[in-house]
Amino acid sequence: MRDPLLDIRPGDRWLIAVAHPDDETFGCGSVIALASVCGAEVTVVCATRGEAGEPVPGSADGADLGAVREDELRRAAERLGVRRVELLGYRDSGFDGDLPAGSLCAAPLDEVAGALGGLIAEIRPQVVLTLDGSDGHRDHLRVGAAARRALGDSAGPLLAEHCLPVSLLRRWLDEMRAVRPDTVYHSLDPAALGRDDADITDVLDTARVLDRREAAIAEHRSQVSPFDGLSPDLRRVFLTTDHLARVALTGRTR
Ligand SMILES: [Zn+2]
């Protein structure tokens, strides 16, 4: 049987489930672009409008940050070759602290999974790609959990998580400490961050779509790119090498 992750063909359908505008680009943008240039019809479903993000000073003054970020998401998605963007309408839970009413993490998991499940039933994707949440953001963890719940034990699409391997994340943290000493990630325990390298099932070379990825990154003007200030070597690794972990779902015999 064809492996839809490694042998992407025209007409394939992919569903990308993320939490915030920019996850699709800063996270798995190169994989989306690769699927798209191979002819896949890619849908991005974004659970929130990212209104709890911290805008670049001056980038969203006086504006509704959620609206600004939704617009950035749609522009970036176009750059990546995405066919369709859907928003689930939850509020951004924020990185930590009390959960706002209506936020993604305040909603019952079954409800979020139900919303994703509706799209899965409609689109019938071969591949569902989500975040592994190993950067520590609770919304990223939540959307991944909802995707697993949505796919449950049915024989359905291949589910894969886009991962930040520990080895790569440590290099990123080391460089970020030097260039952005105030970043929120410094408050996290480095030992708890990142995905065990042994969990990675697929490493994709996405260098051929680097231009699309860069164009999408540039659309997220209100957000500080996590790649700003990195050394050219490490930046290139981040933007052209993608680490995925296939998820074995209960009841599946894949
Ligand atoms: Zn995010």
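The values are calculated or read from the model by the stated rules, or taken from the named source; none is laboratory data. None of the values given here were measured: they were computed from a predicted structure. Positions of Cβ are generated from backbone atoms using ideal geometry, with glycine treated the same way; all protein chains shown enter the neighbour counts.
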### Query
If you scan segment 139-182, which residues turn out to be under 16 Å from the mean Cα position of the chain (by Cα) and assigned to a loop (DSSP other than H, G, I, E, B)?
Leu164
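Output the residues belonging to segment 207-216 that are of a type outside the set (D, E, K, R) and surrounded by 21 or more Cβ atoms within 10 Å (Cβ to Cβ). I'd like the intermediate steps shown before the answer.
We begin by selecting, within segment 207-216, every residue of a type outside the set (D, E, K, R); these are 207, 209-210, 215-216.
Selection gives Val209, Ala216.
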### Query
Quick one: is Gly58 part of a strand (DSSP E or B), more than 28 Å from His243 (Cα to Cα) and more than 13 Å from the ligand (Cβ to nearest atom)?
no
### Residue among Gly53, Gly94 that is in a loop (DSSP other than H, G, I, E, B) and crowded, with 23+ Cβ neighbours inside 10 Å
Gly53
### Query
Restricted to segment 144-165, and to residues that are buried (at least 19 other Cβ atoms within 10 Å of the Cβ), within 16 Å of the ligand (Cβ to nearest atom) and under 18 Å from Asp199 (Cβ atoms), which residue is modelled with the lowest pLDDT?
Leu164
### Message
Taking the criterion of being more than 17 Å from Glu51 (Cα to Cα), of a type in the set (Gly, Ala, Ser), within 13 Å of the chain's Cα centre (by Cα) and surrounded by fewer than 22 Cβ atoms within 10 Å (Cβ to Cβ), would at least one residue in segment 118-125 satisfy it?
### Response
no
### Query
Any idea which of (1) away from the ligand (no atom under 13 Å from the Cβ); (2) crowded, with 20+ Cβ neighbours inside 10 Å; (3) of a type in the set (D, E, K, R) is the one Asp23 doesn't satisfy?
(1)
### Task
Scan segment 217-226 and give yes if some residue there is modelled with pLDDT under 90 and under 17 Å from the mean Cα position of the chain (by Cα), otherwise no.
yes
### Query
Only one of Asp139, Asp110 is of a type in the set (D, E, K, R), crowded, with 20+ Cβ neighbours inside 10 Å and more than 15 Å from Arg13 (Cα to Cα); which?
Asp139
### Task
Examine segment 34-49 for a residue that is under 20 Å from Arg138 (Cα atoms), within 14 Å of the ligand (Cβ to nearest atom), outside any strand (DSSP E or B) and within 19 Å of the chain's Cα centre (by Cα), and state whether such a residue exists.
yes
### In segment 119-136, the residues that are within 12 Å of the ligand (Cβ to nearest atom) and over 18 Å from Trp14 (Cα atoms)
Gly133, Asp135, Gly136
### Task
Assess whether Gly229 counts as being surrounded by fewer than 19 Cβ atoms within 10 Å (Cβ to Cβ), in contact (Cβ under 8 Å) with a residue 24 or more places away in the chain and either farther than 15 Å from Arg79 by Cβ or touching a Lys or Arg at 6+ places or on another chain (Cβ under 7 Å) (or both).
yes
